[in-house]
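Working notes, structure below.
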Amino acid sequence: MKIILLGAPGAGKGTVAKLLTQVDGSVQISTGDILRGAVQAGTELGKKAEAYMKAGDLVPDELIMDIMKARLQEPDCAKGFLLDGFPRTIPQAEALKSLLQELGISLDLAVNLEVPREVILDRLTTRRTCSNPECQAIYNIKSNPPKVDSICDICGSKVIQREDETEEAITHRLETYNEKTAPLIGYYEKEGLLMNVNATSSDTVVKAIRERLGI
Ligand code: ADP
Ligand code: ZN
């Protein structure tokens, strides 16, 4: 499947993407994970992206498009992909459209995960992430804590609160979402690709997508 996952920070794009990879071997492409990995590895890309990310601002479109142009041409994308956290702006959506045309790829759907604001705020403040850039497993101190306090179940690294998950940065990320990313819902509706789903439960989202695509 070739799907874009849209939705506010904390809507569950990463969780849904991980579940969908198990359905047909499509790969999850998270620009946030790629950027966090680059920051921790101290690469040129990481150095350019770090300050924006820490403040909860978007990284410039050109940097993101360079990443995605290379990533979408890697062989593992041939089976399908779940775009998680990209596109985030109208210019990124337009650049993606011409990139996909150039590569001869057509999208199946843009899925908009709808979650009430209170749920979003609660999820983001209680979210914890594995600090190992190769893992980045997601936990929640209330609903899904690691088995051993602050230690990742999968890889044993420390589980931490992301720097952009302080209350101030979260508020700013939500404002950025409303201003820059929410307009993509109308954009994909016009493109005839939009599917809205109530995303309070990730399993329900996966079921709705499978039904829609008949897989
Ligand atoms: P969330 O969806 O939980 O806000 P992500 O992990 O998707 O977080 O992204 C974290 C940060 O990485 C964003 O706040 C932003 O700074 C940067 N980022 C990720 N994807 C993009 C993108 N497509 N365009 C611009 N910035 C991005
Ligand atoms: Zn881990």
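The figures follow:
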| item | result |
| --- | --- |
| Count - residues of region 133-158 that are surrounded by 16 or more Cβ atoms within 10 Å (Cβ to Cβ) and more than 16 Å from ligand 1 (Cβ to nearest atom) | 3 |
| Qualifying residue in region 148-164 (condition: under 21 Å from THR89 (Cα atoms) and away from ligand 2 (no atom under 16 Å from the Cβ)) | yes |
| Residue in region 109-131 that is among the acidic types (Asp, Glu), under 18 Å from the mean Cα position of the chain (by Cα) and within 13 Å of ligand 1 (Cβ to nearest atom) present | no |
| Whichever residue in region 39-61 is farther than 24 Å from ASN140 by Cα and touching an Asp or Glu at 6+ places or on another chain (Cβ under 9 Å) and, among such residues, is surrounded by the most Cβ atoms within 10 Å (Cβ to Cβ) | LEU45 |
| Region 24-54 - residue that is assigned to a helix (DSSP H, G or I), closer than 23 Å to GLN73 by Cβ and of a type in the set (A, V, I, L, M) and, of those, farthest from the chain's Cα centre (by Cα) | ALA41 |
| Subset of region 67-87 that is surrounded by 15 or more Cβ atoms within 10 Å (Cβ to Cβ) and away from ligand 1 (no atom under 12 Å from the Cβ) - its residue that is farthest from ASN132 (Cα to Cα) | GLY80 |
| The listed residue being among the hydrophobic types (A, V, I, L, M, F, W, C), modelled with pLDDT of 95 or more, closer than 25 Å to GLU175 by Cα and surrounded by fewer than 17 Cβ atoms within 10 Å (Cβ to Cβ), out of ILE64, ILE90, ILE4 | ILE90 |
| Scope region 128-147; condition of a type in the set (Val, Ile, Thr) and either within 12 Å of ligand 2 (Cβ to nearest atom) or within 20 Å of ALA17 (Cα to Cα) (or both); matching residues | THR129, ILE138 |
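The values are calculated or read from the model by the stated rules, or taken from the named source; none is laboratory data. Everything numeric in this text was worked out from a predicted model, so none of it was measured. Cβ: placed from backbone, ideal geometry, glycine included. Neighbour counts: every protein chain shown.
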